[in-house]
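This report refers to the structure that appears directly beneath it.
The values are calculated or read from the model by the stated rules, or taken from the named source; none is laboratory data. None of the values given here were measured: they were computed from a predicted structure. Cβ coordinates were reconstructed from backbone atoms using ideal geometry, including for glycine residues, and neighbour counts include every protein chain displayed. Just so you know, the surface numbers come from the protein's heavy atoms only, side chains and all, with ligands and any DNA or RNA stripped out. Shrake-Rupley method; radii C 1.70, N 1.55, O 1.52, S 1.80 Å.
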Amino acid sequence: MTSCPATEPAPGRTTGTAPGRAEVPVRIREMTLDDCEAVATVRVRGWQHAYRGLIPQAYLDAMSIEEDAARRREYLAKGDGRVVDLVAERAGHVVGWGCCGPSRDEDVPDRTAELYALYVLPERIGTGVGSALIDALTARAEAAGASSLLLWVLAANDRARRFYTRAGFAPDGREEQFDVNGVAVPEVRYARRLSASAAADAGLG
């Protein structure tokens with residue numbers, strides 16, 4: 001499973017902003033091919049920050065932004081339209097990325113969606129970027145008619161688990177081992193029920 005790293009350490013906290021100075025609003029939009037390098041930077045730096053001490057350091061050190069960007073370009077070029085990729089911008093710069101689509105798990109009902117990934121630049125953690133992304137991705141899953149949204153998170157990633165709890169998710173009892181360079185890393189699955197009426201309204205809009 002693809003785990004989601006921490007996005008925000010605590011509600012209301014801001015980082016990288018001078019006291020008394022408001023953050024530039026977050027803009028959420030569809031990801032394009034031109035965003036692949038920026039998204040790869042967000043993803044690689046997100047892993048290296050959030051998973052330090054949780055998965056083998058050699059794996060984190062070997063991550064390549066260039067290789068990740070190439071995979072993003074290939075993936076977007078042959079996308080089947082079922083996966084939603086969104087980026088978060090501030091002042092014209094990509095500072096976060098997330099994607100969702102149909103659940104890959106076989107033990108869930110039809111119309112179950114999955115949050116595959118949610119990443120924010122480390123220096124933007126706690127500035128509202130993660131919350132804006134998860135709200136937008138949840139709305140997109142509802143608009144597509146999903147009845148629930150799942151995600152997988154590392155069991156030891158307390159910061160991420162707190163973030164998802166604040167976003168309305170809760171553990172559903174499913175656990176798995178995520179293999180990283182031969183090391184088994186425990187993951188837990190979180191779920192959030194979506195509103196059928198909200199999905200219908202969003203689909204009409």
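A few notes on this one:
- Ordering 93, 49 by accessible surface, largest first, gives 93, 49; the 1.4 Å probe counts only protein heavy atoms, with every chain in place.
- Residue-span extension gain [residue 162 to residue 91] - 0.36 nm each, minus C-alpha spacing: 22.8 nm
- Within-15-Å neighbourhood charge of residue 106 [Cβ basis; K, R +1; D, E -1]: -2
- Largest to smallest principal axis extent of the C-alpha atoms in segment 17-144, angstrom: 47, 36, 29
- Phi angles across segment 167-178 convert, under the Karplus curve 6.51 cos²θ - 1.76 cosθ + 1.60 with θ = phi - 60°, into 3J(HN,Hα) values of 7, x, 8, 8, x, 10, x, 8, 9, 8, 9, 9 Hz, Gly and Pro given as x.
- FRET efficiency for residue 48 and residue 195, using Cβ-Cβ distance with R0 set to 41 Å, rounded to 0.05: 0.70
- Summarising the amide proton neighbourhood of residue 116: residues at separation of 5 or more, or on other chains, whose placed amide H is nearer than 5 Å comprise 99, 100, 101.
- Residues whose placed amide H lies under 5 Å from that of residue 155, excluding near-sequence neighbours: 187, 188
- Segment 88-105 residues near the modelled residue 123 label - backbone nitrogen below 11 Å, point 7 Å along Cα→Cβ: none
- Accessible-area ranking of 195, 148, largest first, probe 1.4 Å: 195, 148
- Semi-axis lengths, Å, segment 73-118, gyration tensor of Cα atoms, sqrt of 5 times eigenvalues: 25, 14, 7
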